[in-house]
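Peer 1: Got a structure for you, written out below as structure tokens; questions coming shortly.
The values are calculated or read from the model by the stated rules, or taken from the named source; none is laboratory data. Since the structure is predicted, the reported quantities are computational estimates derived from the model, not experimental observations. Cβ placement follows ideal geometry from the backbone for every residue including glycine, while neighbour counts extend to all protein chains displayed.
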Amino acid sequence: MLKLYNSLTNKKQDFIPINPGSASIYSCGPTVYDRIHAGNIRAFLMPDLLQRVLARLEGLNVDWVMNITDIDDRMIARASESYPNQEPLDAINKLADKYTDIFLDDIEKVGIRRDDISHLPRATDFIAPIQTIITQLISDGIGYVSDGSVYFSVKNYIASGKTYGRLVSLDFSARARVTNDQDQKEGVADFVLWKAHKPGEPFWDFNISGKNYPGRPGWHIECSAMSTEFLGQPFDIHTGGVDLKFPHHENELAQCGGTQANYYIHNEHLSIKSQKMSKSLGNIMTLKDINDPMALRYLILSAHYRSQMDFCLADISSAEERLKNIRTYTDQLMLARVGQLPEADDTGKTKQFITEFKQALSDDLNTPKALSALRLIEGKVYTVDAREAMRLVDDIMGLGIIVDNPLSSEVLEVIDSYELARKDKNFSLSDSLRAKLLSQHGLVASDTQVGTLVHRAQ
Ligand code: AMP
Ligand code: ZN
């Protein structure tokens, strides 16, 4: 059974879905004011791996929702810089369209398939559901209006019998000093649900008790609204980077009245020289800086999602090399001719590999262990069951290593002649056929225990 580390309990727990046979996941997605960086990619690869494990190993029907944040201070600032002559709302829409397209291209390059994401809702398309939650919070005495904005009162939430601080331990002693601060909040822990309109910013009307409060949603409320809209309450699993635990997820959870999701899974940061990779620190790497995006996927999966990971270009190069070796082995199995590979591996290594691979993933998605189990078969076992095992690896790890095109009869003839020449010890002929395979067909021949196998030159 799959075990996941739940930030709600700080324990590894068996994953028990709400509805047997299916699983629902909500992932906090990108803010589309710029291109995503490798750190963000780590945060999106984690739920991608999770949904693959749930679907392919646990056999569940997965509903995976990832939101697109298209309204916040960064969006507004970048949109007015980029499109100064447009209306504020048109400007953010243009910016969001541009970077959503780039985002979808980028995630596809690292093996996240668009079709695996059931919904990619954009915050500004959900203003009505956002307002419905805020209205409800006001009528429950938890939301309050102050100077044209609406805030969430943590004090009133706690007074209603709920716990604030489910994902992190919080010290509320500071509340003794509560005064009206410059944000017009009543309590220091309070947070904004709706921001009063400022000139030059996009805004929506909001009727509260017969009065209009033009403005825009706060950040946290969009995820409460979109997750509820698509997955109901509670849903199974909420994901995001550790920086989202507090305040973002804590606040999402509180806005949902304390029942939003059953499991909160957080990935650790990708850092550079021990500093979190982030746009504000100016230490980001994007796919533009990386030769082979799949090597980034491999590198990220080669560390456990809950461990800190320091990124450097040398690691990317070794991941590239490692991936080349895995591709070589997989190609050899996939491109073997019909009948060339024995059906089953009687050394038991393939069975052992599959067991270790699945066990590692079931133990809180231990990808480094799952990948290192490959040493049992890679470059050693050439059988039909090893070939099927590599299909499973690719299905779960999403490395894009499978080629399904069989070799043409022309290539098969060259390989036959090559093998014959070698048998006859006609090495000048075999060398020239080997060179022909490479120059004309892009294939490298290797001599193995099951005869000649080929892989694509890389
Ligand atoms: P943002 O667009 O900043 O809201 O970030 C999108 C996702 O990336 C969130 O889940 C963040 O927690 C995550 N994230 C941001 N920076 C990093 C990083 N350096 N390492 C891992 N995850 C990150
Ligand atoms: Zn969110």
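Peer 1: I'd like to know if segment 265-280 contains one or more residues that are touching a strand residue (DSSP E or B) at 6+ places or on another chain (Cβ under 8 Å), without any contact (Cβ under 8 Å) to a residue 24 or more places away in the chain, polar (S, T, N, Q) and more than 30 Å from Ser224 (Cα to Cα).
Peer 2: No, the conditions are met nowhere in segment 265-280.
Peer 1: Within segment 217-240, which residues are within 27 Å of Phe203 (Cα to Cα), away from ligand 1 (no atom under 12 Å from the Cβ) and of a type in the set (Asp, Glu)?
Peer 2: Listed by number, the list holds a single entry, Glu229.
Peer 1: Filter segment 275-312 down to residues that are of a type in the set (Gly, Ala, Ser) and more than 21 Å from Leu244 (Cβ to Cβ) and give me whichever is surrounded by the most Cβ atoms within 10 Å (Cβ to Cβ). Please lay out each step first, then the result.
Peer 2: Restricting attention to segment 275-312, the residues satisfying the condition of being of a type in the set (Gly, Ala, Ser) are 278, 280, 282, 295, 302-303, 307.
Next, from what is left, pick out any that are more than 21 Å from Leu244 (Cβ to Cβ): 282, 295, 302.
Working: Gly282: 6, Ala295: 22, Ser302: 17.
Selected residue: Ala295.
Peer 1: When you scan segment 186-273 for strands (runs of 3 or more DSSP E) that lie fully inside it, which ones turn up with 3 or more residues that are under 30 Å from Phe311 (Cβ atoms) and either within 13 Å of ligand 2 (Cβ to nearest atom) or among the aliphatic types (A, V, I, L, M) (or both)? First the steps, then the outcome.
Peer 2: Working: elements: 191-196, 215-217, 235-241, 261-267, 270-272.
Hits in segment 186-273: 235-241, 261-267.
Peer 1: A follow-up question, please. Can you confirm whether Glu410 is more than 21 Å from Glu320 (Cα to Cα), modelled with pLDDT of 95 or more and not small (Gly, Ala, Ser)? Full working, then the answer.
Peer 2: Values: more than 21 Å from Glu320 (Cα to Cα): yes; modelled with pLDDT of 95 or more: yes; not small (Gly, Ala, Ser): yes.
Against the criterion (more than 21 Å from Glu320 (Cα to Cα), modelled with pLDDT of 95 or more and not small (Gly, Ala, Ser)), Glu410 qualifies.
Peer 1: OK, next. Gly21: farther than 23 Å from Ser118 by Cβ and either in contact with a Lys or Arg (Cβ under 8 Å, 6 or more places away or on another chain) or surrounded by fewer than 24 Cβ atoms within 10 Å (Cβ to Cβ) (or both), yes or no? Spell out the reasoning first.
Peer 2: Details: farther than 23 Å from Ser118 by Cβ: no; either in contact with a Lys or Arg (Cβ under 8 Å, 6 or more places away or on another chain) or surrounded by fewer than 24 Cβ atoms within 10 Å (Cβ to Cβ) (or both): yes.
No.
Peer 1: With respect to Ile92, is the statement that it is part of a loop (DSSP other than H, G, I, E, B), modelled with pLDDT of 95 or more and either away from ligand 2 (no atom under 16 Å from the Cβ) or closer than 25 Å to Gln308 by Cα (or both) true? Break it down into steps so the answer makes sense when it comes.
Peer 2: Numbers: part of a loop (DSSP other than H, G, I, E, B): no; modelled with pLDDT of 95 or more: yes; either away from ligand 2 (no atom under 16 Å from the Cβ) or closer than 25 Å to Gln308 by Cα (or both): yes.
For Ile92, the condition - part of a loop (DSSP other than H, G, I, E, B), modelled with pLDDT of 95 or more and either away from ligand 2 (no atom under 16 Å from the Cβ) or closer than 25 Å to Gln308 by Cα (or both) - is not met.
Peer 1: Could I ask something else about it? For segment 139-169, give me each residue that is among the hydrophobic types (A, V, I, L, M, F, W, C) and touching a residue at least 40 places away in the same chain (Cβ under 8 Å). Give the steps one after another, and end with the answer.
Peer 2: Let us first name the residues in segment 139-169 that are among the hydrophobic types (A, V, I, L, M, F, W, C), namely 142, 145, 150, 152, 154, 158-159, 167-168.
Answer for segment 139-169, where residues must be among the hydrophobic types (A, V, I, L, M, F, W, C) and touching a residue at least 40 places away in the same chain (Cβ under 8 Å): Val145, Val150, Phe152, Val154, Leu167, Val168.
Peer 1: Restricting attention to segment 64-72, does a residue exist that is among the hydroxyl-bearing types (Ser, Thr, Tyr), more than 15 Å from ligand 2 (Cβ to nearest atom) and touching a residue at least 12 places away in the same chain (Cβ under 8 Å)? Lay out the reasoning, then the answer.
Peer 2: Within segment 64-72, the first condition is being among the hydroxyl-bearing types (Ser, Thr, Tyr), and the residues that meet it are 69.
Checking the rest, the ones that are also more than 15 Å from ligand 2 (Cβ to nearest atom) come to none.
No, segment 64-72 has no match at all.
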